[in-house]
Every structure is written in C-alpha cells, then in structure tokens.
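Heads up, the thing below is written out as structure tokens.
The values are calculated or read from the model by the stated rules, or taken from the named source; none is laboratory data. Just so it is clear, the structure is predicted and the values come from calculations on it, not from any experiment. Quick reminder, even Gly has a Cβ in these numbers, built from the backbone with ideal geometry, and neighbours come from all protein chains shown.
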Amino acid sequence: MDYGKYVYDQQKKAKAAKKKQHTVQVKEIRFRPKIEEHDYDFKLKHIREFLQQGFKVKIMIRFRGRELAHKDMGFKVLEQLEEDISDIGKLEVPGKMENRAINAVVAPLSGSSGADKEK
C-alpha cells in the first residue's frame, strides 16, 4: 500500500468530519452587583435573544473595590436572572466565585432550536 495515499485519505476523512461538526458559541454578558433596573432589563433582553438563537450565555458579575465585601448582592442578581429566564433557559453551570467575579453559564432549554442561527 502506498503510504502517501494512506495519509491523503486520512486527511480527507478528517476534513470531512470537521465540516460536519457543530461548534457551540458562547456569548458573554457582564453585570455589576449594584445594577439599575433598566440596565438589568436591557441585558436580560439580550440574554433572551441569544438563548432563542441557540447560543449558550456566560454570565459574569464583576466586583470592584468594596463591592467584594457584599458578595450576597451579586448572588441575588444571579438568582433574579435565573428566575427571569427559567422559561427559555437553565443554569448549566451554577454561579461560582472566581477571583473578583461570579461566573455562571446558561444554556437554552432543549425545546429552543438553533436552526435560525445567523453568523
């Protein structure tokens, strides 16, 4: 058997498999613990749009300065967010404190389709 032909066939198969792969994009939305109502609603609207399009959304609640002493305010924002998107998405990775931020990942419910996803 010709080794060059074998390598060529392997590359061809790998390229064909890569075409069929579906990559999941993750969008990121940043919050602050003392976020105003309008800002919260605006960001919530964007999160809902991303989830309807089939994207996962990474939620980041960043703390600055003395806000770090009031981590409970950040977790309250996350709880409120989880409640507001419960009809369209669910927390895939619960809120976890990492350095100066709380990170969580929200995934669309299985009923939401990503068929109308645009790039």
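Identify, by number, the condition in (1) without any contact (Cβ under 8 Å) to a residue 40 or more places away in the chain; (2) of a type in the set (D, E, K, R); (3) surrounded by 12 or more Cβ atoms within 10 Å (Cβ to Cβ) that Asp84 doesn't meet.
The failed condition is (1).
Six or more apart or on different chains, Cβ under 6 Å: which pairs go from a residue in segment 53-66 that's in contact (Cβ under 8 Å) with a residue 40 or more places away in the chain to one that's assigned to a strand (DSSP E or B) and acidic (Asp, Glu)? Could you list them?
Matching pairs, first to second residue: Lys58/Glu28.
Are any residues in segment 1-34 in a loop (DSSP other than H, G, I, E, B) and either small (Gly, Ala, Ser) or touching a helix residue (DSSP H, G or I) at 6+ places or on another chain (Cβ under 6 Å) (or both), and if so, which ones?
Step one: list which residues in segment 1-34 are in a loop (DSSP other than H, G, I, E, B), which gives 1-2, 21-25, 32-34.
Hit for segment 1-34 is Pro33, nothing else.
Name every residue in segment 22-36 that is farther than 13 Å from Leu81 by Cα and among the basic types (Lys, Arg), in order of residue number.
Lys27, Lys34
Output yes when any residue across segment 95-117 is acidic (Asp, Glu) and in contact (Cβ under 8 Å) with a residue 12 or more places away in the chain, and no when none is. Working first, answer last.
Let us first name the residues in segment 95-117 that are acidic (Asp, Glu), namely 98, 116.
Among the residues that remain, those that are also in contact (Cβ under 8 Å) with a residue 12 or more places away in the chain are: 116.
Scanning segment 95-117, I find at least one residue that is acidic (Asp, Glu) and in contact (Cβ under 8 Å) with a residue 12 or more places away in the chain, so the answer is yes.
Answer yes or no as to whether Lys58 is outside any loop (DSSP other than H, G, I, E, B), over 19 Å from Gly95 (Cβ atoms) and among the charged types (D, E, K, R). Step through it out loud before you land on a result.
Working: outside any loop (DSSP other than H, G, I, E, B): yes; over 19 Å from Gly95 (Cβ atoms): no; among the charged types (D, E, K, R): yes.
Taking the combined requirement at face value, the residue does not satisfy it.
Here is a list of conditions, (1) of a type in the set (D, E, K, R); (2) modelled with pLDDT under 90; (3) surrounded by 10 or more Cβ atoms within 10 Å (Cβ to Cβ), and Lys19 meets all of them except one; can you say which number that is?
Going through (1) of a type in the set (D, E, K, R); (2) modelled with pLDDT under 90; (3) surrounded by 10 or more Cβ atoms within 10 Å (Cβ to Cβ) one by one, Lys19 breaks only (3).
When you scan segment 35-48, do you find a residue that is within 16 Å of the chain's Cα centre (by Cα), assigned to a strand (DSSP E or B), modelled with pLDDT of 90 or more and at negative phi, even just one? Step through it out loud before you land on a result.
Applying the first criterion (within 16 Å of the chain's Cα centre (by Cα)) to segment 35-48 yields 43-48.
Right, trim to assigned to a strand (DSSP E or B) and you get none.
No, every residue in segment 35-48 fails to be within 16 Å of the chain's Cα centre (by Cα), assigned to a strand (DSSP E or B), modelled with pLDDT of 90 or more and at negative phi.
Search segment 34-47 for residues being touching a strand residue (DSSP E or B) at 6+ places or on another chain (Cβ under 8 Å) and surrounded by 14 or more Cβ atoms within 10 Å (Cβ to Cβ), and hand back the single one that is nearest to Val105 (Cα to Cα). Before the answer, list the steps.
Of the residues in segment 34-47, the ones touching a strand residue (DSSP E or B) at 6+ places or on another chain (Cβ under 8 Å) are 40, 43, 46-47.
Right, trim to surrounded by 14 or more Cβ atoms within 10 Å (Cβ to Cβ) and you get 40, 43, 47.
Numbers: Tyr40: 17, Lys43: 15, Ile47: 11 Å.
In this case the residue turns out to be Ile47.
Just to check your reading of the model, which residue among Phe55, Phe63 is farther than 14 Å from Ala107 by Cβ, at pLDDT 90 or above and surrounded by 10 or more Cβ atoms within 10 Å (Cβ to Cβ)? First the steps, then the outcome.
Details: Phe55 fails: farther than 14 Å from Ala107 by Cβ.
After applying the criteria, what remains is Phe63.
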